[in-house]
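*Asks:* Before I ask anything, let me first share the structure, which is written out below as structure tokens.
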Amino acid sequence: MSSWLPSGHPLVRDVMEPWARSVEQATEGRVKVVMLPSALGHPRVHYDIAAEGQADITYGAHGYTPGRFGLYKMVEFPFGGHSAEATSVAYWQVYNKYLAKAGEHEDTKLLGLFTHGPGHIHNSRRSVGSAADLKGLKLRVGGGVMNDLSRGLGYVPLQQPSSSTYELLSSGVADGTLFPLESVPAFNIVQKATHTTLVPDGLYNFSFFVVMNKERFAGLPEQDRAAIERVSGEALARLAGHMWDVQDAKGLEAIKANGNEVLTASDAFVGEIRAASLPMEQEWLKQAEAAGVDGAAALAEFRQLSRELVKN
């Protein structure tokens, strides 16, 4: 496995490494996932690293490769939900029911999909309580819906991977970032992004994949392929989502402990965000239809499941 995040990051420590151990246990030691000591390339090329067989397994974010994927945006629209575990499990279920037929991951073996927790607004300049307050702020974004929302909300998107955030804020190149709460302390910007605006149910979510080289997976014995699938898929979505939820709670504690300003978006601001996202949703529905997917049914079911699964 090629991993591009620091070894101490919760996604590595609390998700990828435990999942790797579960693969070994499920296959009774016949399959071992070895984490390489350093990444084999930039985060944006990690899908291709698995597809081409440079590494057997990789993870990454769909939004890091603009134009490569499209249907993942279903889970990134505003107000997807306040629990990453719920949205991740809903994502996996709805993907397999509706989106898989489009074949966007057909050149790899898709092992997992998940989202991080709801994304919020963090910046070093000023309080943000409206779209007017956002106008002109240079915000690091990961791509996808985060980038698209800038058209309606007025901020300047700087599309860079999360690992570049500290450098961007420290140098003044960026005024802030769109991040889940977990990432503020994880990327050491608690003392730099001192103004946080919480968006109920999230300004966005962010879509992640875990993929394996297709030929490498096919070359494993049938019992081991089945064992890997048992501990992947929904089980991996639940593991990753739970981690984000736990870390988000800790992230908010760290932000407050530093004395940072924490606001909650007003109904009026939420209305501005909703208006900015509606054209994006309509565009996505057309894209889904062109791919032979019932986008309206998929989006509605995803949102319904994201709400229902919080209770379970």
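*Asks:* Does at least one position in the range 203-219 carry a residue that is surrounded by fewer than 20 Cβ atoms within 10 Å (Cβ to Cβ), assigned by TED's automatic domain parsing to the domain that holds I49 and either at pLDDT below 95 or acidic (D, E) (or both)?
*Replies:* Looking for residues that are surrounded by fewer than 20 Cβ atoms within 10 Å (Cβ to Cβ), assigned by TED's automatic domain parsing to the domain that holds I49 and either at pLDDT below 95 or acidic (D, E) (or both), one finds at least one in the range 203-219, hence yes.
*Asks:* Here is a list of conditions, (1) part of a helix (DSSP H, G or I); (2) touching a residue at least 24 places away in the same chain (Cβ under 8 Å); (3) in the same structural domain as T108 (by TED's automatic domain parsing), and S277 meets all of them except one; can you say which number that is?
*Replies:* (3)
*Asks:* Please identify the pairs in which a residue from the range 212-224 that is under 20 Å from L236 (Cα atoms) has its Cβ atom under 6 Å from the Cβ atom of a residue that is in a helix (DSSP H, G or I), counting only partners at least 6 apart or on another chain.
*Replies:* N213/A50
*Asks:* Another question, then. Name the pairs: first residue in the range 294-312 and of a type in the set (S, T, N, Q), second residue at pLDDT 95 or above and surrounded by 15 or more Cβ atoms within 10 Å (Cβ to Cβ), Cβ to Cβ under 6 Å, at least 6 apart or on different chains?
*Replies:* Every condition considered, the pairs that remain are S306/A86; S306/T87; S306/A90.
*Asks:* Could you look through the range 91-141, keep only residues that are of a type outside the set (A, V, I, L, M, F, W, C), within 15 Å of A174 (Cβ to Cβ) and surrounded by fewer than 24 Cβ atoms within 10 Å (Cβ to Cβ), and pick out the one that is nearest to the chain's Cα centre (by Cα)?
*Replies:* Filtering the range 91-141 for residues that are of a type outside the set (A, V, I, L, M, F, W, C), within 15 Å of A174 (Cβ to Cβ) and surrounded by fewer than 24 Cβ atoms within 10 Å (Cβ to Cβ), the one nearest to the chain's Cα centre (by Cα) comes out as K138.
*Asks:* Next up: S88 passes all but one of (1) of a type in the set (S, T, Y); (2) buried (at least 20 other Cβ atoms within 10 Å of the Cβ); (3) in the same structural domain as G176 (by TED's automatic domain parsing); which number fails?
*Replies:* Only one criterion in (1) of a type in the set (S, T, Y); (2) buried (at least 20 other Cβ atoms within 10 Å of the Cβ); (3) in the same structural domain as G176 (by TED's automatic domain parsing) is unmet by S88, namely (3).
*Asks:* Take residues that are of a type in the set (G, A, S) and closer than 22 Å to G259 by Cα and tell me which of the helices (runs of 4 or more DSSP H) falling wholly in the range 120-223 contain 1 or more.
*Replies:* Helices (runs of 4 or more DSSP H) meeting the threshold: 165-171, 183-186.
*Asks:* In the range 233-289, what residues are β-branched (V, I, T) and surrounded by fewer than 17 Cβ atoms within 10 Å (Cβ to Cβ)?
*Replies:* V246, V262, T264, listed by residue number.
The values are calculated or read from the model by the stated rules, or taken from the named source; none is laboratory data. Note that this is a predicted model, so its numbers are computed, not measured. Please note: Cβ atoms are built from the backbone with ideal geometry, for glycine as well, and neighbour counts cover all protein chains shown.
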